[in-house]
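**Q** Got a structure for you, written out below as structure tokens; questions coming shortly.
The values are calculated or read from the model by the stated rules, or taken from the named source; none is laboratory data. Being a predicted model, the structure only gives us computed values, none of them experimental. Quick reminder, even Gly has a Cβ in these numbers, built from the backbone with ideal geometry, and neighbours come from all protein chains shown. Ligands, DNA and RNA are excluded from the accessible area calculation, which covers all protein heavy atoms including side chains. Shrake-Rupley method; radii C 1.70, N 1.55, O 1.52, S 1.80 Å.
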Amino acid sequence: MSKYFKFMNLLQKIGGGLGYSMLMMAGMVAHTEPIPVECKVGNFFVGCQAYTFNRFTLMEAIEKTAQAGGKTIEFYPGQRLSPEQRGVAWNYDASEETIQKVKEQLAKFGIRAVSFGVVNGKSGDEADWRKLFEFAKKMGLYSITTEAVKDLDIIEKLVKEYDIKVGFHEHRRQENNPDYKLWDPKYVLSLVKDRDPRIGSCADTGHWATSGLKPLDCIKILRGRIISVHLKERKEIGKEIPDTVYGTGVTNTKGILRELRRQKFQGPISIEYENNWDHSVPDVAQCVGYIRGYSAAVTK
């Protein structure tokens, strides 16, 4: 650990939030490297959650993201590596050889890897979490997406050390599991509001809609704490139904983009399109086009 991080941790132990505030005022707190501007589609950094193409391998998902006009990709754990290596699963214990192959595929298609998730380290195991952060560092990721609430102390420690952001993801409300609370943006805010500012929410507009929430309201609740977005459009609120192309549903994608722009959101928007699984590239391309068109309209 660098002298800077040892000093920061010492101040944290001595003064808690006061120590951190002193560092903020002194301009000494590190910041995650911004995503390169060439990854923007209009006003936003836009690409795909690789789960959109989970019927395919990771190498194919990278290519399909490019075909749809995306500029970034969020990996998910366990995706098969390639048509030639279906026995190799993409994960944070990937070999150096596998990592190099993925980097070459990203470069070939001009795609930037920005995040990985939803992924949880082994509960309570700092060494395993460190392996995940080391992987994220090797891949140059902007953020990690997780739901590991119980490991928040470990996560915060590593966020400070590695300067990699973490967003807590929200799956839908589970009627038979009242202990699952991440579906509620107010609960997510309660988790992160007093933590390092690089810890926040991976805002999933589709799961919010399934839970009976209006996604735009949720985005407003989490103002300033949104790390990344899984942007989905739904035709109904309160039902678990397939996604639809942006602008053809009721979840107010236009309003969400307007609010993200108002909040000066600089994280990645990942299109996670859970419909038409085998032939979704044209649908995803329409979603990319919607964001491009919205951006052009508001900047005229």
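**Q** Please report the spacing between the Cα centers of segment 203-227 and segment 156-174 in Å, no decimals.
**A** Between the Cα centre of segment 203-227 and that of segment 156-174, the gap is 16 Å.
**Q** Considering the convex hull of the alpha carbon atoms of segment 204-246, report its projected area averaged over all viewing directions, in nm², one decimal.
**A** On the way: hull surface 11.4 nm².
Averaging across all directions leaves 2.9 nm² for the Cα convex hull.
**Q** Taking a cut-off of 18 Å between Cα atoms, list the aspartates and glutamates near K165, but don't count ones fewer than 8 places away on the same chain.
**A** Correct list for K165: E33, E74, E126, D128, E134, E147, D151, D153, E156, D194, D196, D204.
**Q** Let me ask another. Say we join alpha carbon atoms closer than 10 Å with springs in a Gaussian network model of the chain; which of V250, V159, V229 then has the biggest fluctuation?
**A** Sorting by GNM fluctuation, first place goes to V250.
**Q** Using the Cα atoms of the chain to build a convex hull, what is its mean projected area in square nanometres?
**A** Averaged projected area of the chain's Cα convex hull equals 15.9 nm².
**Q** In addition: With an 8 Å Cα cut-off and a minimum separation of 6 or more residues, compute the relative contact order for the chain in percent.
**A** On the way: 574 pairs, mean separation 54.3, N = 300.
Normalised by residue count, the contact order of the chain is 18 percent.
**Q** With every protein chain left in place, what is the accessible area per residue of the chain in square angstrom, probe 1.4 Å?
**A** For the chain, the per-residue accessible area is 45 Å².
**Q** Further question on the same structure: What ranking do 111-120, 81-90, 261-270 get when scored by the average of other Cβ atoms within 10 Å per residue, highest first?
**A** For the peptides 111-120, 81-90, 261-270, the packing ranking is 111-120, 261-270, 81-90.
**Q** Also: If the limit is 25 Å between Cα atoms, which of K239/K264; K157/K181; K214/K254 go over it?
**A** Checking Cα-Cα distances, K239/K264 exceed 25 Å.
**Q** Can you list residues from other chains, or at least 5 along the same chain, whose modelled amide H is less than 5 Å from the amide H of V88?
**A** L81, S82
**Q** In terms of the Cα gyration tensor, with a ≥ b ≥ c the square roots of its eigenvalues, is segment 167-246 rounded because a/c is under 1.5, prolate because a/b exceeds b/c, or oblate?
**A** oblate
**Q** What does the C-alpha gyration tensor say about the overall shape of segment 31-147? Classify as rounded when a/c is under 1.5, otherwise prolate if a/b is larger than b/c, or oblate.
**A** Here segment 31-147 falls in the oblate category.
**Q** Moving on to the next point. Between F53, F133, F109, find the one with the highest GNM mean-square fluctuation for the chain; connect C-alpha pairs within less than 10 Å.
**A** Highest fluctuation of the listed residues: F109.
**Q** Take the cross-link list K71/K160; K101/K131; K101/K138; K71/K103; K138/K193; K103/K137 and give me the ones stretching past 24 Å between alpha-carbons.
**A** Too far apart for the 24 Å limit: K71/K160; K138/K193.
**Q** Pop out the carbon and sulfur fraction of the accessible area of the chain as a percent, whole number, probe 1.4 Å.
**A** Values: 6800 of 13610 Å².
About 50 percent, which is the carbon plus sulfur part of the accessible surface.
**Q** Divide by every residue of the chain the summed helix terms, -39500 (n - 2.57) for each DSSP H run of at least 4, and state the resulting mean residue ellipticity at 222 nm, rounded to the nearest 500 deg cm²/dmol.
**A** -12000 deg cm²/dmol
**Q** Sticking with this structure for a sec: Run the 1.4 Å probe and let me know the accessible area of L213, rounded to the nearest 10 Å².
**A** 40 Å²
**Q** State to the nearest 20 debye the size of the charge dipole of segment 151-277 about its Cα centre, where the only charges are +1 on K and R beta carbons and -1 on D and E beta carbons.
**A** 680 debye
**Q** Now for a different question. For segment 205-213, what does the Karplus curve 6.51 cos²θ - 1.76 cosθ + 1.60, with θ = phi - 60°, yield as ³J(HN,Hα) per residue in whole Hz, taken in order and with x for Gly and Pro?
**A** Whole-Hz 3J(HN,Hα) from phi for segment 205-213: 5, x, 5, 4, 4, 4, 6, x, 9.
**Q** Using modelled backbone amide H atoms (1.01 Å from N, in-plane), which distant-in-sequence or interchain residues come within less than 5 Å of I226's amide H?
**A** S201
**Q** Picking from D283, D151, D194, which is most flexible by a Gaussian network model of the chain using Cα springs under 10 Å?
**A** Per the Cα network of the chain with a 10 Å cutoff, D194 tops the list.
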